[in-house]
Amino acid sequence: MKRTAFILGSGLLLLVAFLNSVSGQLQRFWDASGCFQQAQWERLLSTFEGKEWILYIIATILVPALLFWSFNGLLLVADTARKPNFISRYRIQVGQNEPVDTMKLRQSMRTILFNQCMISVPMVIFLYPIIKVRGDPYRRELPTFHWFLLELAIFTLINEVLFYYSHRLLHHPTLYKKIHKKHHEWTAPIGVISFYTHPIEHVASNMLPVVLGPILMGSHLSSIAVWFSLALICATVSHCGYHLPFLPSPEFHDYHHLRFNQCYGVLGVLDHLHGTDTMFKQTKAYERHRFLLGFTPLSESIPDPPKKMD
């Protein structure tokens, strides 16, 4: 027992020391560029003085949308033209969407654009006075690095809880048939399909989990812009259908689209607590569900077992 306690204690101390070192290095980088960032922010405030709502639109709608469609534009080229050729090696569901059904994609785009333009944009604009009441998003001082990390952790936690339970509720037979089944028409998802949902689902599972954190925290506009952008990029990655190097693993949510009754969350914490990932943990997809640090596809380094011959 003493030896175990010593090993665990030493490991914990080393981990804390490592995290403090990394945090300190990042803080120094943040501080080094802080004057530049602060000066640019003050310049923006001067430029849009009296018209801060324009700055709000740029930060919360235009910038995240530009990142979303830039990333998805590249993925759509890969899905439709199968270019560059090497990307097919990273496909999770081999043989699916090679190339993607353009007719199905075109029909889906109507829903995607409707959700983005007619629901997301008006909802973010509607939340503007609420965000102003909760805290001045145009504070002259930018948030510190550690405060931003704390906000990011809280945003992620709120998103995980709300998405998991709303998503699992949508899998109730009644709600699934009327609402959530639309999203699962794509059993092999692609990036833009993160917005291919029934409008009710788009509000309850896509928008509310993301916007609630900044509202509760009374966040600075810079934090809101970064969080919204990260949320859109992560949603795209989880649906993209490729396990690409140096990006978060999409194996977890891809398996949900394949099997429907597993992996309801984002991080997988609540799935572990509720036992809704037990089947997933018995698959090769679970073994591949990790950050890819090299260029060898995990489907090659961790291949599927050979199929049994009849």
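For segment 182-310, report the translational diffusion coefficient in µm²/s to the nearest whole number, using Stokes-Einstein at 20 °C, 1.002 mPa s, and a Kirkwood Rh over Cα pairs.
Translational diffusion coefficient: 132 µm²/s.
So what's the back-of-envelope 222 nm ellipticity for the chain, counting only DSSP H runs of four-plus at -39500 (n - 2.57) apiece and dividing by all residues, rounded to 500?
Theoretical 222 nm ellipticity from helices: -18500 deg cm²/dmol.
Under 5 Å between amide H atoms, partner at least 5 residues away or on a different chain: which partners does Phe48 have, H built in plane at 1.01 Å?
none
In square nanometres, what is the average projected area of the Cα convex hull of segment 160-217?
Approximately 4.3 nm², given one-decimal rounding.
Using a Förster distance of 41 Å, how high is the FRET efficiency between Ser46 and Val94, based on the Cβ-Cβ distance and rounded to 0.05?
0.15
Using a Gaussian network model of the chain with C-alpha springs under 10 Å, which one of Gln37, Gln262, Gln96 is most mobile by mean-square fluctuation?
Among Gln37, Gln262, Gln96, the largest mean-square fluctuation in the Gaussian network model of the chain belongs to Gln37.
Treat each spin label as a single point 7 Å out from the Cα along the C-beta direction, and report the Lys307 to Val161 distance in nm.
The modelled label-to-label distance comes out at 4.5 nm.
Return one quarter of the surface area of the convex hull spanned by the alpha-carbon atoms of segment 116-191, equal to its mean projected area, in nm².
7.7
Pairwise over distinct Cα atoms, reciprocal of the mean inverse distance: report the Kirkwood radius of segment 56-124 in Å, one decimal place.
13.8
Provide Rg and Dmax in Å for the chain, with only Cα atoms included in the calculation.
Considering the chain through its Cα atoms, Rg and Dmax are 21.5, 74 Å.
Cross-link partners among aspartates and glutamates for Lys51, C-alpha distance below 19 Å, same-chain residues fewer than 8 apart left out?
Counting by Cα, and skipping residues close in sequence, Lys51 has these aspartates and glutamates nearby: Glu42, Asp136, Glu141.
Tell me, which longest segment in the chain has none of the trypsin sites (Lys or Arg not before Pro) that fall in DSSP loops with at most 13 further Cβ atoms within 10 Å?
So the longest stretch without any such site is 141-289.
When the accessible area of the chain is split by element with a 1.4 Å probe, what percent falls to carbon and sulfur?
For the chain, the apolar C and S fraction of the accessible surface comes to 68 percent.
Give me the accessible area per residue for segment 159-310, probe 1.4 Å, as a whole number in Å².
Per-residue value: 46 Å².
Could you give the length gained on full extension between Leu293 and Trp53, defined as 0.36 nm per residue of separation minus the Cα-Cα distance, in nm?
82.3 nm
Provide the FRET efficiency to the nearest 0.05 for the Thr80-Glu185 pair, computing r from the beta carbons and using R0 = 22 Å.
In this case the efficiency is close to 0.75.
So, for segment 26-129, what is the accessible surface per residue at a probe of 1.4 Å, expressed in square angstrom?
Result: 61 Å² of accessible area for each residue.
At 7 Å along Cα-to-Cβ for each site, give me the label-to-label distance between Met103 and Phe246 in nm.
Spacing of the two 7 Å Cα→Cβ label points: 4.0 nm.
The values are calculated or read from the model by the stated rules, or taken from the named source; none is laboratory data. All of these numbers come straight from a predicted model, not from anything done at the bench. Every residue, glycine as well, gets a Cβ built from its backbone with ideal geometry; the counts of neighbours run over all protein chains shown. Quick note on the areas: whole protein, heavy atoms, side chains included, nothing else; ligands and nucleic acids left out. Shrake-Rupley method; radii C 1.70, N 1.55, O 1.52, S 1.80 Å.
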